[in-house]
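Working notes, structure below.
The values are calculated or read from the model by the stated rules, or taken from the named source; none is laboratory data. Remember, predicted model here, so these are calculated numbers, not experimental data. For neighbour counting, all protein chains shown are included, and Cβ atoms are generated from backbone atoms with ideal geometry for every residue, glycine included.
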Amino acid sequence: MSHACATDESDGGSFATKQRTVLVSLIVDFVLWIPDIIAAMLSGSIVLFADALKCANEILATFFAYLTLCKMAKGGAGSYDYGLGKFETITSIVTGAVMFVSLALVFFVAVYRIVIPAELVHEGAYLGIVLMIIGVCMNSWLWRKNYRLFQKEPSPIIDSQWRLFRTKAFSDFSVLVSLIATLAFSHYAWSLYIDPLASFIIAGFLLTSGYRVITSSLPDLLDKTLDEELQMVIVRHLAEFFDDYTALHGVRSRRSGANVYIEIFLEFDGNRKMSDVQESINRIRASLEKNIPKSSVSIVPTDGLVPGGTPCPSPAPDRKL
């Protein structure tokens with residue numbers, strides 16, 4: 001089997017795993033969302049209502065992520081030479097944006113209930129407690145499941161998914177504590193404010209997670225160069241092939257989803273045969289791709305500084321950039 005075929009099969013298996021994971025997340029979200037709405041209506045709880053609104057936005061984001069993975073699984077050969085990794089990044093940003101929409105909804109609804117407090121209907125609150133216990137268990141399971149998949153197959157979509165379910169697990173736990181506390185202290189007048197104040201805890205989770213997802217995805221969408229750690233990996237490997245080239249003229253790099261694309265512009269001795277130069281290029285490329293996961297390295301022979309290229313620290317003091 002050729003290397004290209006093996007890679008395609010590996011990518012296909014990876015996309016299938018991601019699709020199944022996101023589909024399971026979508027189904028679980030939807031199944032828990034419907035009774036969540038019912039509990040919010042029966043109890044009159046603002047924190048349950050906010051949680052139902054938040055879940056609706058999250059279902060939309062997860063559904064969008066699933067559609068994106070389906071599109072990516074079909075491949076982009078012939079139309080997208082650099083793959084469909086940016087679809088993953090865009091989906092991750094959309095997930096973060098949805099978190100901010102949920103944040104705004106939770107905030108305004110909580111302020112409304114503080115201004116106009118109301119007592120909870122106990123029967124609906126009991127249903128909400130049962131649902132929140134189930135929600136904490138299911139979301140914690142999905143959080144751990146997606147996190148293990150992210151460690152095995154890093155991806156912006158899976159990264160946003162495990163963070164989303166971590167937020168949901170803590171959010172549901174906050175709602176659970178809020179409902180129990182409201183019922184336990186219902187004979188006190190100040191217990192009416194427990195419900196809306198707990199909503200601000202949910203808002204805090206959404207703010208933190210949404211900000212982190214968006215700020216971690218935007219650099220990839222804007223083709224930001226690789227971080228300094230990977231730049232130093234490139235420099236160290238170029239130093240190992242010190243005698244194979246005469247000058248380093250620059251490096252271009254970017255991410256596309258989980259993939260890394262690196263272009264290195266090297267000057268070679270003009271007296272060498274092209275076959276010898278190609279042999280050196282193959283060795284350097286193989287070494288870098290082995291040590292930088294999911295990387296695609298291009299070595300470009302050149303005799304001058306490349307416009308727009310990122311200069312790297314020189315592998316040796318006497319080598320020009």
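Quick check on this structure: which one of Thr167, Thr225 is in a loop (DSSP other than H, G, I, E, B) and modelled with pLDDT under 85? Walk me through it before giving the result.
Working: Thr167 fails: in a loop (DSSP other than H, G, I, E, B).
Within the list Thr167, Thr225, the selection yields Thr225.
Hey, any hits in the stretch 254-261 for a residue that's of a type in the set (A, V, I, L, M) and touching a Gly at 6+ places or on another chain (Cβ under 9 Å)?
Residues of the stretch 254-261 of a type in the set (A, V, I, L, M): 258, 260.
If we keep only those that are touching a Gly at 6+ places or on another chain (Cβ under 9 Å) as well, we get 258.
Yes, that holds for at least one residue.
Residues are listed down the side, and each one gets a yes or a no for (1) more than 15 Å from the chain's Cα centre (by Cα); (2) modelled with pLDDT of 80 or more; (3) within 19 Å of Ala56 (Cβ to Cβ); (4) outside the structural domain of Arg255 (by TED's automatic domain parsing):
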| residue | (1), (2), (3), (4) |
| --- | --- |
| Met138 | yes, yes, yes, yes |
| Asn146 | no, yes, no, yes |
| Ile158 | no, no, no, yes |
| Leu183 | yes, yes, no, yes |
| Pro196 | yes, yes, no, yes |
| Ser199 | yes, no, yes, yes |
| Gly204 | yes, no, no, yes |
| Ile214 | no, no, no, yes |
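Can you tell me which residue among Asp243, Asp269, Asp276 is outside the structural domain of Lys152 (by TED's automatic domain parsing), surrounded by fewer than 15 Cβ atoms within 10 Å (Cβ to Cβ) and in a loop (DSSP other than H, G, I, E, B)?
Checking each option against the conditions leaves just Asp269.
Kindly indicate whether any position in the stretch 41-60 is of a type in the set (Val, Ile, Thr), without any contact (Cβ under 8 Å) to a residue 40 or more places away in the chain, assigned to a helix (DSSP H, G or I) and buried (at least 17 other Cβ atoms within 10 Å of the Cβ). Please lay out each step first, then the result.
We begin by selecting, within the stretch 41-60, every residue of a type in the set (Val, Ile, Thr); these are 46-47, 59.
Now restrict to residues that are without any contact (Cβ under 8 Å) to a residue 40 or more places away in the chain: 59.
Remaining after also requiring assigned to a helix (DSSP H, G or I): 59.
Filter once more, keeping what is buried (at least 17 other Cβ atoms within 10 Å of the Cβ): 59.
Within the stretch 41-60, one or more residues are of a type in the set (Val, Ile, Thr), without any contact (Cβ under 8 Å) to a residue 40 or more places away in the chain, assigned to a helix (DSSP H, G or I) and buried (at least 17 other Cβ atoms within 10 Å of the Cβ).
If I filter the stretch 291-299 for residues that are modelled with pLDDT of 75 or more, assigned to a loop (DSSP other than H, G, I, E, B) and under 29 Å from Gln151 (Cβ atoms), do I get at least one hit? Before the answer, list the steps.
Pass one, the stretch 291-299, residues modelled with pLDDT of 75 or more: 291-292, 295-299.
Then keep just the ones that are assigned to a loop (DSSP other than H, G, I, E, B); that gives 292.
Subsequent filtering for residues that are under 29 Å from Gln151 (Cβ atoms) retains 292.
Among the residues of the stretch 291-299, at least one is modelled with pLDDT of 75 or more, assigned to a loop (DSSP other than H, G, I, E, B) and under 29 Å from Gln151 (Cβ atoms), which makes the answer yes.
Taking the stretch 127-158 only, how many residues are surrounded by fewer than 17 Cβ atoms within 10 Å (Cβ to Cβ), free of Cβ contacts under 8 Å to residues at least 24 places away in the same chain and farther than 16 Å from Ala52 by Cα?
Within the stretch 127-158, residues that are surrounded by fewer than 17 Cβ atoms within 10 Å (Cβ to Cβ), free of Cβ contacts under 8 Å to residues at least 24 places away in the same chain and farther than 16 Å from Ala52 by Cα number 6.
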